[in-house]
Structures are given as C-alpha cells and as structure tokens.
1. By DSSP, what percent of the beta bridges with both residues in segment 89-198 are antiparallel, rounded to the nearest 5?
2. If I model a spin label as a point 7 Å beyond the Cα along the Cα-Cβ vector, how far apart are those points for residue 111 and residue 190 in nm?
3. Check each of the trypsin sites (Lys or Arg not before Pro) in segment 163-205 and keep only those in coil by DSSP with at most 12 other C-beta atoms within 10 angstrom; list them in order.
4. Select from segment 149-196 those GluC sites (Glu not before Pro) which occupy a DSSP coil region and have at most 13 other Cβ atoms within 10 Å, ordered by residue number.
5. Taking 0.36 nm per residue of sequence separation and subtracting the Cα-Cα distance, how much length would be gained by fully extending the chain between residue 98 and residue 76, in nm to one decimal?
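Throughout, read-outs are computed from the coordinates displayed, never taken from laboratory work. If you're wondering where the values come from, they're calculated on a predicted model, not measured in any experiment. Neighbour counts are summed over all protein chains in view; Cβ atoms, including those assigned to glycine, are modelled from backbone coordinates with ideal geometry.
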Amino acid sequence: MNDSTIASPEFSLEEWMNTPLEDINQIEESFHQIQAFNKLEGIQELEEVETEETEETDFSEQEELFDSKTVTLKSRRIQGNLYFKWRNYQESSRQGGQVYTNVPCVTHIQECYPDVAYLTPELIDHFGEPDVFPRSFPLVAEIVSLTDLAEEVIVKAQNYLYSGSEEVWLVFPENRWIIVMTPSQKVVFSEGDIAYTQRVLRGFKVAVNELFV
C-alpha cells in the first residue's frame, strides 16, 4: 500500500503512528528546522539570481507557494461526503452546533482553514460566529493531498490539538485510511471498517467506504 503523502527521509507516517504523543514536540521542532533550511536555501538562490539579473522578486508569492495545498476533484468530493455525514448526524442527533467547510480559525502557529469543522453549541453561545474563529474547532478534518509532506500533515494535526481541538480526522484518499487523533491516542480506520468519533459529536459512525464513493 503506497503512502498518500510525500514522506521525507527525516520522518514518515509509519514512524509517527508508533511515536508517543509526548514526543511530537521533537517532530515539530525538526519540521520547523527543515522549513527554515529550505527557505534559507531558496533565499540564497534568489540572491544569486539577483546578482546576475536586476529583476525584483516578490517573496510573498514564494511563501504562498510554500504553503499551498493541491486540491483535486476527488478531495473535494470526499470533503463534501464528510461534511454531509457530519451535518446530517448533527441535525438528527439534536446535538446542536454547526458544521463548516474551509472556515478560518486561529491556531498557535498561524491561521488555518480546516477542510471540515464542527463547532459545539456551547462555543457558539460563547463566541458567536466571528469572521475568524479565535481558536481551533473542537472537531476538524483534513483531506490529505498527494503533495502533502508527512511532516506537514503531522504538525498540522498536532497544531489543531494544541490550539483547542479535541479530535482531528486525517483522511487519506489514496490509501482509504482515516486516522483519528485526540490528545491521548491515535486510532486508524481502513477500508471495510466503521469509523467513529472519539470525543466530539458523540455517537457518530460511518463506514469508511462510504466516504470514498
């Protein structure tokens, strides 16, 4: 089974699945070192080019490219399936709250836009629905792209958990995996399994295969 992310030699998803959650800080630090090194290399290359050519370079464009995520029709379809399942269950179970797609929130690293997010009625009562939610949503899901680096996926999930999320779903279209993370555990569901929530939107269940049809 091929991994649906681009794994670097520094770390892989397989290693991560066997890594205690308390060690994730080392992974995050390593990832940021890799980011800084890559950016430094990029800046040095640009300086060499500018020495030969007097052309101006827009660094904001490079930052945008660095943070970009490849979105495909397949990932949008899976995103829509998960949104539909969460939204239907949220309404039928009468738990209240709201389900969103691509909605902004603030984390301890940067502003993020989870692919699917659920907001509890208690948090809506407390914060309302601001333009940018001031913390991570309690339940979020990310549809993992073919071009996502393993380190980026891991750090992004942990970033949500550090910033208020109680549960993060990582959905891997190519592998047909769902990895559900909480602050204390990681649970893996694969083709043929029934995936279910651990802490938020309690009682929700879905056949893994149904998300990928």
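1. Just about 75 percent of them are antiparallel.
2. Calculated label separation equals 4.0 nm.
3. Here the trypsin sites (Lys or Arg not before Pro) that fit, given the DSSP loop and packing criteria, are 202.
4. For GluC sites (Glu not before Pro) across segment 149-196 that sit outside H, G, I, E and B with at most 13 neighbouring Cβ atoms in 10 Å, the list reads 191.
5. Values: separation 22, 0.36 × 22 = 7.92 nm, distance 1.95 nm.
So the chain would gain 6.0 nm between residue 98 and residue 76.
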